[in-house]
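Since the structure comes first, as structure tokens, the remarks are kept for the end.
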Amino acid sequence: MTRPAPAIVILGNGSLATARSIQQLYPGALIHGLDERVVGADRTYREFGATLRELYQQDTPIIALCAAGIVIRTLAPLLLEKGAEPPVLAVAEDGSAVVPLLGGLAGVNVLAREVAAALDVSAAITTSGELRFGTCLLNPPSGYALGDLELGKRFVSELLAGESVRIEGAAPWLVQAQLPENPQARLIKQAVEIIRAGGVVIYPTDSSYAIGCQIGDKNAVERVRRLRELDKNHNFALICSDLSQLGLFAKVDTGTFRLLKAHTPGPYTFILNATREVPRLLLHPKKRTIGLRVPEHPIALALLAELGEPLMSVSLIMPGESEPLYDPYEMRQLLEKHVDLIIDGGYGGNKASTVINLADGEPEVVRVGCGDPTPFMVEA
């Protein structure tokens, strides 16, 4: 939407030259001068307060060449009323200061920067969000619309408090802004592209780091086997975002499902009887079982959400070791040339998930890791 031409309001001839300089920026802008004190204004007025309030109620942008305090006291009675809030700007008579006062959502800071640039001074921007990010997120440019003002305010508040953001879709004005983008967001997309192309990635979970690849990708699975030196009896795990995918890959009765629901997400891997949907190369060759895991780690969950399907994984325990690697620097030193991507989520846990076998009815603790095994121990 095109912004209407501003009204330039002055109190004396001493500010007329500055007013003319500003007027050149905005075709159609009129200079309003106090009657009997200003000679050469486009329009004259008799009462400053009444004129300023009338312009404000007409939703006309105001550039007042006078002290900021005068403008604030004049418009104060209108600020409690719901209605128009046009941009209101105070400019020193000699053009040495430009102060945005009202109309943050109407582009007052944009107006201030334009005027300040023309006068070769700096605008006194005090809006926290705009100072931090270089743009007003609540006042998007033409072609974009703010969906919900209150949600927008909360969003900006959270960004100022240290939260990060992920930009989806085409929004050049946001890309150019100094937003605290989540550095992992682009890495997650890159990881998913690698996985879908047959690659192998290392990523963090709530127990330890894991090595993952796409379900059914024989070459990728074999790379993982060689890296870990796993035999054919090792159970691979399907890392799922939630239990909604359970029925497709595992056979469970009502009691087992309740048990899983009570302990997921969490640092447990459950061995279950597999359905025919699970590729044979992931199954235990004799028992036809598969591991199932629902992690509680933001990076792992973001990876699964972007991938849109479970991830075939094993813990990052190197041959001859009993505990997983936990230092991303050490991972890069050892494995950078053997995997396609390492997602650095900081130091990981030094214990793998606790493994519980539910394939034979009663729970059996196969491996004690970082998950408490007590709920699954059957009393003799």
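The values are calculated or read from the model by the stated rules, or taken from the named source; none is laboratory data. On a predicted model such as this, the values are computed, not experimentally measured, just so you know. No Cβ is skipped: glycine too gets one built from the backbone with ideal geometry, and neighbour counts run over all protein chains shown.
A few comments on the model shown:
- Selected residue (criterion: nearest to residue 295 (Cα to Cα)) from residues of the range 313-335 that are polar (S, T, N, Q) and surrounded by fewer than 13 Cβ atoms within 10 Å (Cβ to Cβ): 322
- Where residue 198 falls short, out of the listed (1) part of a loop (DSSP other than H, G, I, E, B); (2) in contact (Cβ under 8 Å) with a residue 60 or more places away in the chain; (3) of a type in the set (Gly, Ala, Ser): (2)
- Within the option set 51, 18, 44, being farther than 20 Å from residue 102 by Cβ, among the hydroxyl-bearing types (Ser, Thr, Tyr), in the same structural domain as residue 116 (by TED's automatic domain parsing) and touching a His at 6+ places or on another chain (Cβ under 9 Å) holds for one residue only, 44.
Per-residue answers, yes or no, for (1) farther than 28 Å from residue 96 by Cα; (2) not assigned by TED's automatic domain parsing to the domain that holds residue 98:
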| residue | (1), (2) |
| --- | --- |
| 118 | no, no |
| 131 | no, yes |
| 138 | yes, yes |
| 144 | yes, yes |
| 151 | yes, yes |
| 160 | yes, yes |
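- For the range 1-48, taking the residues that are touching an Asp or Glu at 6+ places or on another chain (Cβ under 6 Å) and among the small types (Gly, Ala, Ser), the one that is surrounded by the most Cβ atoms within 10 Å (Cβ to Cβ) is identified as 15.
- Residue list for the range 49-68, filter: crowded, with 19+ Cβ neighbours inside 10 Å and not in a loop (DSSP other than H, G, I, E, B): 51, 52, 55, 56, 62, 63, 64, 65
- Residues in the range 224-259 that are out of contact with any His (no Cβ under 7 Å at 6 or more places or on another chain), touching a residue at least 60 places away in the same chain (Cβ under 8 Å) and either on the phi < 0 side of the Ramachandran plot or of a type in the set (A, V, I, L, M) (or both): 15 in all.
- Residue in the range 177-191 that is touching a helix residue (DSSP H, G or I) at 6+ places or on another chain (Cβ under 6 Å) and loosely packed, with under 15 Cβ neighbours inside 10 Å present: yes
- Exactly one residue among 344, 360, 340 is modelled with pLDDT of 90 or more and surrounded by fewer than 22 Cβ atoms within 10 Å (Cβ to Cβ), and that residue is 340.
- Residue, surrounded by the fewest Cβ atoms within 10 Å (Cβ to Cβ), within the range 293-312, restricted to residues that are hydrophobic (A, V, I, L, M, F, W, C) and touching a helix residue (DSSP H, G or I) at 6+ places or on another chain (Cβ under 9 Å): 305
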